[in-house]
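Read-outs: derived from the displayed coordinates by stated rules, not from any lab. Since the structure is predicted, the reported quantities are computational estimates derived from the model, not experimental observations. Here the Cβ positions follow ideal geometry from the backbone for every residue, glycine too, while neighbour counts run over all protein chains shown.
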Amino acid sequence: MGKGAIKEEESERKRQTWRWPLAALVVVLLAVAVSSRTASNVGSFFTDRNSCSCSLQGSGKYKGMVEDCCCDYETVDNLNSEVLNPLLQDLVATPFFRYFKVKLWCDCPFWPDDGMCRLRDCSVCECPENEFPEPFKRPYNIAGLPSDNLICQEGKPQAAVDRTIDNIAFRGWVETNNPWTHEDDTDNGEMTYVNLQLNPERFTGYTGPSARRIWDSIYSENCPKYSSGETCPEKKVLYKLISGLHSSISMHIAGDYLLDESRNQWGQNIELMYDRILRHPDRVRNMYFTYLFVLRAVTKATEYLEQAEYDTGNHAEDLKTQSLIKQLLYSPKLQTACPVPFDEAKLWQGQGGPELKQQIQKQFRNISALMDCVGCEKCRLWGKLQVQGLGTALKILFSVGNQDKEGDQTLQLQRNEVIALVNLLNRLSESVKMVHDMGPDVERLMEDQIAKTSAKPGRLRRVLDLAFSFW
């Protein structure tokens, strides 16, 4: 072999020696770039991942962090299936959380009520007075706290959202207003107790112009759809909460649907489930967001809810209720995997924060008032309960803080607000579980069916007739 050939061979060996480290370096740099890009795209305004202490996990269609939250889809599904949903199912069946006080018949403040329901399932079975718990008949503790402890944050530039709640929390059920909702829970003859277990949320046949007008008013007048990058985070949160609630309602309609009226046959309407929710990934994501938002409100109110009186006169059941509440609030899996589901301290920052809060409060109050316009008794019951539950979550997260310069603000909740909050969390938990358990199979089945019937586009149109039904 000549000297030239030897030198060429040595040069080739040197190139090979450098080629693998260089290739490895390129791979590492690409991985870092992809990881950084992914992290920057997760969430839209909660960019401090350190405050979340959660990793990006997940598999399937929904993975990574739930947008604007501090928990990933896989963690939510696991926690919900293994811990939260079983607890909530037991909790809402207890006497304390079973009875909800509601004004079923009231005038619509916006237009004449022209809604009609074609099914007997629209009606609500009210409780006779001797059925609901005796302690619920007692008047609230009107005295409550001194009035100088009930100072609102709204309108004060120095007001800040604090992530804690006064340790001296529960001081008796009181009659107190919620700045987020239209109607407070007052003891009067126009309200009645309803056993929620006997009046399940399900399909009622309420549809048409009346139901469509409700949702049109909610979205167009009080909660317009945002365009990415064109609206503030607070307005985006409001839209996502309403969209998530709407999607959850639709899941329950589709999950408990009257398949054959002549035989009174109920079951799952998978076509409706697919058309209304599953084929719209943004609606599913908003449902997960709303679930974590309400869960955060419950965990923030831990001190209050732990000390609250769950008195129904049935000692054994009341002890069970207290035990279930503590299991929910102090679940080791929840505290480890997702300690802060949503970080409310990121909102209402800047000089215009208080004014913006008042504006969005007004919009949510309008949404709350629209529940009086629902032309179906059972739909009105569940609409009022869930909107009141969401209003209670907003009250806990955004209207209470113990760092006010003018004095501590102490959380005060009405009994009905706590009942609504926990039942709403259970509704959202059930919806998330249905999406997780049934979603992939329903999507595959419907996509196969659509592919087979693509030549007959009218085949699936019947489900679109229900696209705007309220319940």
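In terms of packing, defined here as the mean over residues of other Cβ atoms within 10 angstrom, the peptides 326-338, 68-80 line up highest first as 68-80, 326-338.
May I ask you to compute the full-extension gain from Q197 to Q351, defined as 0.36 nm times their residue separation minus their alpha-carbon distance, rounded to one decimal in nm? Intermediate values should be presented prior to the final figure.
Working: separation 154, 0.36 × 154 = 55.44 nm, distance 4.61 nm.
My answer for the length gained is 50.8 nm.
Gain on full extension, evaluated as 0.36 nm per residue between D282 and E306 minus their Cα-Cα distance, stands at 5.2 nm. Placing a pseudo-label 7 Å from each Cα along the Cα-to-Cβ vector at Y219 and Y330 gives an inter-label distance of 4.5 nm.
Among the listed pairs K300/K346; K101/K300; K63/K395; K61/K384; K320/K433, give every one whose C-alpha distance is greater than 21 Å. Before the final figure, lay out each step's value.
Working: K300/K346 15 Å; K101/K300 25 Å; K63/K395 30 Å; K61/K384 33 Å; K320/K433 24 Å.
Listed pairs above 21 Å: K101/K300; K63/K395; K61/K384; K320/K433.
Using the average count of surrounding beta-carbon atoms within 10 Å as a protection proxy, the listed peptides 349-357, 419-427 rank, highest first, as 419-427, 349-357.
Hey, can you rank 366-377, 436-447, 258-269 by average C-beta count inside 10 Å, highest first?
Values: 366-377: 22.2, 436-447: 15.4, 258-269: 12.0.
Going from most to least packed, we get 366-377, 436-447, 258-269.
Ranked for footprinting exposure by Cβ neighbours inside 10 Å, fewest first, Y206, Y219, Y99 give Y219, Y99, Y206. Taking 13 Å as the cut-off, the amide N atoms of region 73-104 that come nearer than this to a point 7 Å along the Cα-to-beta-carbon line of S323 belong to 91.
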